[in-house]
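A short worksheet on the structure shown next.
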Amino acid sequence: MTEHGDAAAGERTTDVEPLGTAGADDAAQPATDAQPMTAVGADAVAEPEPPQHDVVVIGAGVAGLVVANDLARRGYDVVVLEARERTGGIVSSHELAGLALDAGAESFAVRGGAVAELAEQLGLGDDLVDPEPGGAWLRLQGRSVPLPRNSMLGIPSVPLAQDVIAVLGWRGALRAYLDRLMPVLKVGKDDRLGPLVERRMGKAVLQRLVAPISGGVYSSDARDLDVAVVAPGLNEAMTRAGSLSGGVALRIGDGARPGSAVRGIRGGMHRLTDALRGEVDRRATIHAGVVVDRVERDGAGWAVQAGERRWTTSAVVVATPGVAAAALLEGVGIDLEAAPATTVELVTLVVDGLDGAPRGSGALVAEDAGIAAKALTHATAKWAWLAEAAGGRAVLRLSYGRAGEAPATAGLDDAGAIALARRDAADILGVPVPEPVAADRVRWEQAQPSSAIGARAMQRRVREAVAAEPNLEVVGAWLAGTGLAQVVPQAREAALRIRRERFGEQVDETLDGDGADVGG
Ligand SMILES: Cc1cc2nc3c(=O)[nH]c(=O)nc-3n(C[C@H](O)[C@H](O)[C@H](O)COP(=O)(O)OP(=O)(O)OC[C@H]3O[C@@H](n4cnc5c(N)ncnc54)[C@H](O)[C@@H]3O)c2cc1C
């Protein structure tokens, strides 16, 4: 028997404006602190009213909730406006077979330490967990191999290591080793990951190791990824080491392994946004089902509109995905080109009687492997707490949708998508996958990753334009970079700027401060 998760899950989207269900039905809902536009217009002619609120945050994904929490806990009057009925954005849950599972993000990169610090502040410190040591695999054409251990974004630090030879064969490994003998020359100036890898280490490293990770983790073609963003410091390390693999070895030695060192939260990543929401709810107002359609200057502050409703505020934070943010910033005179979105679908299967964990924590699929899914996460093999909660059942997450192409599941109904995921899972795992006891399909719209070439220049333009506007902040993955390790610190810095610049707080280096209520 197949059971589908909650109705909203199949339409949950990210990094673009909602698909249309969220908010629209509830737009007429009265909001206690919103004024009708006409009343404001009439008052404004007489004498400007002081803003109703200290801060309005638009969007209650992790970025918006972090800003709202940091400000509300210091006593500022904060209002959060969220288009969907649920908060958390991509960090949300769905229920299958009695399990509360992550519907989107399920882990965080440990790099920088900001996510763990936030989790600790929210009382989740004791529930931070490491994944099981099984490691991930690669599904190549006709065979599966473990992902080489010493690598960064798939680039091996030791080209002739046994696990690299297993992927590339001797010929490919020897070609990769040539990187050690080639003069370094202009490698420090390479922008694009794909061409850099191919030139230094050959086509096999690109196609079999780097491309599956680019597609699986960033939903991007390796040719479009900006080295400086996906692998900060790698260019410099390469110049120091004199080769690409040597640069990777230096970065791994530094403990910097983007995309590989991750942790999770017992019970699921959604506990982070649930806890944030709990904190924000205690001190601020969250209006769900409110699709903001305009932001404009209003006297010394800002006015935020959703249909007929309007809020005035000293400071405004745009925490929506890129496409929605671009539309809102237009009202402020900041012009942006909205990046095209990639549709990603996640199909989750809960199955009884799966034979072991033949591919460790999961597998990334090479494009030419002849399998529609781009990645599989064996969630119960990856997280011990989930295996325990699932009581012998297996939870498998398959993702679909590479950059520039619709996911193979897009044209299928739910039953068809689930059947495809089951076939792909059996193919990737190499064992039969029984009929699921429960399954769900969630669609996300992912904007061009900020790691894409050209995105950095766009981000710089946005940051400069926003910095010129007093008490306007723009946060979220489309500017900070994909992933919680980037989104959380950026949001906290924005809250800090508002505290300093708008409210004149004397805040030192620490993001947390003493937590004292300051008031606006
Ligand atoms: C399938 C998937 C899996 C992922 N897995 C991981 C992972 O394991 N680890 C990791 O670190 N990262 C992961 N990521 C990336 C990570 O989840 C995101 O980078 C991060 O959650 C983005 O947070 P955000 O607040 O910027 O955006 P969002 O979560 O998209 O939140 C934006 C919010 O704004 C709201 N909104 C939009 N328009 C309006 C409007 N007009 N008015 C009001 N509200 C509006 C939206 O409804 C949404 O709630 C994953 C992403 C995807 C798609």
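Summary table
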item	result
Net dipole in debye of segment 140-253 [+1 Lys, Arg Cβ; -1 Asp, Glu Cβ; about Cα centre; nearest 20]	340
Nitroxide proxy distance, nm - points 7 Å out along Cα→Cβ at Ala161 and Thr239	2.6
Segment 142-184 versus segment 53-117: alpha-carbon centroid distance in Å	39
Gain upon complete extension [Arg143, Glu95; 0.36 nm per residue less C-alpha separation]	13.9 nm
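We did not get these values from a lab; they are worked out from the coordinates using the rules stated. Just so we're clear, the structure is a prediction, and the values are computed from it rather than from any experiment. Note that we place each Cβ from the backbone using ideal geometry, even for glycine, and neighbour counts take in every protein chain shown.
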